[in-house]
Structures are given as C-alpha cells and as structure tokens.
Amino acid sequence: MFKTILLFLFVWVTACQSAWAEEREYRFVTLEFPPLEFTGEDGKPTGVAVEVVHRIMAALGLQVSIDVHPWSRSLDRVRKGDADAIFTAYKTPERELFLDYSNVVLIPQVIALYATKESPINFNGDLLALQDKQFGVVSTISYGAVFDQMRNQLRVQRVEDIEQNFKKLMLGRIDVLISNIYVADWKLKKTGFNKHISRLPLEVERLPSFIAFSKARGLTALRDRFDKELLRLKESGEFDAIVAKYDLTVPPDIQ
C-alpha cells in the first residue's frame, strides 16, 4: 500500500512538473538587428527571426516573451540564466561555455564590405590588401572569424550603430564599412543612403547563426524540440514564406 502511494505521488509530481514546464512563459532575448530582429512601430519585437521563433514556440505549444536589448546585455542575461535563450548568435568557443547551441542553423548570414559608389576600392577577397584603409565597425558586433582574426591588423573605427558609419562614409572619415548584408541593405534602403553607398561584389564570409539556450537553465530537451520544428519549418516552405515578407534572399544553410 505504501509503495502504491509513493508511486502515485511520484507520477503526480512528474505530471505537475511537466504541466508547469508547458505553461510557463519562456524568456528569450535578442538585439536590434533589422530586418532579422528589431522593435516595430508598435513597440513589439518583430523581424524574420522573431517571427520564426514565435512560429516554432507556438507549434510546440509553449509561451515565449522576447526582449530586445543591446547585444552585450542579452549575452549577460543568458550567461546568468536570467533569460532562457538568445538569437541570432554566432558560435564561438567563449560563448559555448555558457550556451547550448541549436544544431540547426536559424539564419545563414553573409558578411560583406560597403563603400561609396564613387570609391575606387576594389576588394579581391584579401582584407590585408586594404590595410591602409579606414574600416567602420559597430561596437560589440562580431563579423565572423575571417574579419575578427584580422581586426588588429586593420585600421578600425568603432561606432554605436551602422547609420553612423553611413554618415562617416559619406563624409570621407572612413573608406569602407563591414556589415551583415541583411542589416546594411535594409538600412541603406530605409535611410536613402542606397543612392550613394553600395556593396562590394565579393563577400568576406558566410557563416551560420543560431538560437542558443542558456546552460544555466538546463534546456537541452527544449533545444532538441526546437531543432525538430525548425527543420520542419524549413522543409515545408514556411520559413521561406516568412523571409519573403521582408524582401530578403537567404542563402542555403551553412553548417
């Protein structure tokens, strides 16, 4: 009889824990990185990645709130376990110490250089060939291993947002800026700077970006469920439909 009661209590507690896990609201964080993730005119997070994440969590029957912060703050929150997941994140050895990365690429990213349309700069794929040029970057943003490993050998000027770099480029204070193409192309079109600034033909690097879950929260099981639904979303064409809403072209996944 006693064993039966213990078994009943165990099953009941397990069921309650499972129900709580399904009902609680997960807290995800991201950054201002339009058109992938940004604060909309209504004050709510929106963008390609935000819509994909909401679609997946809804399909899993889970509630989620998404906060948009400066990137350093978002990283700090998942490091401490104050947030459950972060996106869209490049994979680095340092971050892997506190993040449990998805195994499925969320958004494949492309890094490229931009200059004024009158600029004589010709990028041949070798960043060191531009050592005498002034590069504009956004503070705290990683531009992938290729650029980050050469950063100390280049002349780099830091600003807080890409629009400042557009202005510096127009004023001749920098010669070239580096950016994720989704962000730069979106911002150039929105601000009208696309009349004067263009992307250089060769890419610097293509690299995958992911959603990553806080190891402090122990969410490996959720990560695996998220992966499965993300893969289904891509195979079904739903992912491409979301991307098309933002007039983007996303390259094939890069592992």
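Taking neighbour Cβ counts within 10 Å as the exposure measure, how do M57, M170 sort from fewest upward? Intermediate results must be reported in sequence, preceding the final value.
Numbers: M57 21, M170 13.
By the 10 Å Cβ count, ascending: M170, M57.
With a sphere of radius 12 Å drawn around the Cβ of E32, what net charge do the other residues whose Cβ falls strictly inside it have (Lys, Arg +1; Asp, Glu -1)? Present the calculation step by step, with values, prior to reporting the outcome.
Working: positive: R73, K187; negative: E37, D67, E160, D161, E163.
Once all neighbours under 12 Å are counted, the net charge is -3.
Assuming 1.002 mPa s and 20 °C, estimate D for region 28-172 with Stokes-Einstein, Rh taken as the Kirkwood radius over Cα pairs, in µm²/s.
Diffusion coefficient, whole number: 124 µm²/s.
Sum -39500 (n - 2.57) across every DSSP H segment of at least 4 residues in the chain, then divide by the residue count to get the 222 nm mean residue ellipticity, nearest 500. Could you put the intermediate results ahead of the total?
Numbers: 9 runs with 100 residues, N = 255.
Calculated at 222 nm, the ellipticity per residue is -12000 deg cm²/dmol.
Just check region 109-206 against the gyration tensor rule for me: Cα atoms, a ≥ b ≥ c as the square roots of the eigenvalues, rounded for a/c under 1.5, and otherwise prolate or oblate depending on whether a/b exceeds b/c.
Rounded is the answer for region 109-206, as its axis ratio a/c remains below 1.5.
Relative contact order (percent) for region 100-255, with alpha-carbon contacts under 8 angstrom and 6 or more residues of separation? Don't jump to the answer; show the numbers that get you there.
On the way: 232 pairs, mean separation 64.2, N = 156.
Dividing the mean separation by the residue count of region 100-255 yields 41 percent.
Only bridges whose two residues both fall in region 109-206 count here: according to DSSP, what percent of them are antiparallel, nearest 5?
Numbers: 10 of 17 bridges.
The antiparallel fraction comes to roughly 60 percent.
Just rank K195, K133, fewest to most, by other beta-carbon atoms within 10 angstrom.
Fewest to most other Cβ atoms nearby, the residues stand as K195, K133.
Taking a ≥ b ≥ c as the square roots of the eigenvalues of the Cα gyration tensor of the chain, is the shape rounded (a/c under 1.5), prolate (a/b larger than b/c) or oblate?
Taking the square roots of the gyration eigenvalues as a ≥ b ≥ c, the chain is prolate.
Mind checking which helices in the chain clear 20 Å along their axis (Cα) and have mean Kyte-Doolittle hydropathy of 0.5 or more, DSSP H runs only?
Values: long enough: 2-23 (31 Å, 1.01); 220-236 (24 Å, -1.00).
TM-like helix candidates: 2-23.
Once each part is reduced to its C-alpha centroid, what is the distance from region 69-84 to region 90-154 in angstrom?
22 Å
Considering the chain as a Gaussian network with a 10 Å cut-off on Cα pairs, which listed residue, L171, L31, L200, attains the greatest mean-square fluctuation?
The residue that fluctuates most here is L171.
What percent antiparallel are the DSSP beta bridges of the chain, to the nearest 5?
Around 60 percent antiparallel, to the nearest 5.
Count the net charge of all other residues whose Cβ sits under 10 Å from the Cβ of I107, scoring Lys and Arg as +1 and Asp and Glu as -1.
The answer is -2.
Which pairs, out of K168/K189; K44/K234; K80/K234, put more than 29 Å between their alpha-carbon atoms?
With Cα atoms farther than 29 Å apart: K80/K234.
A short reminder: the numbers here are calculations on the coordinates, not readings from a lab. Everything numeric in this text was worked out from a predicted model, so none of it was measured. Cβ: placed from backbone, ideal geometry, glycine included. Neighbour counts: every protein chain shown.
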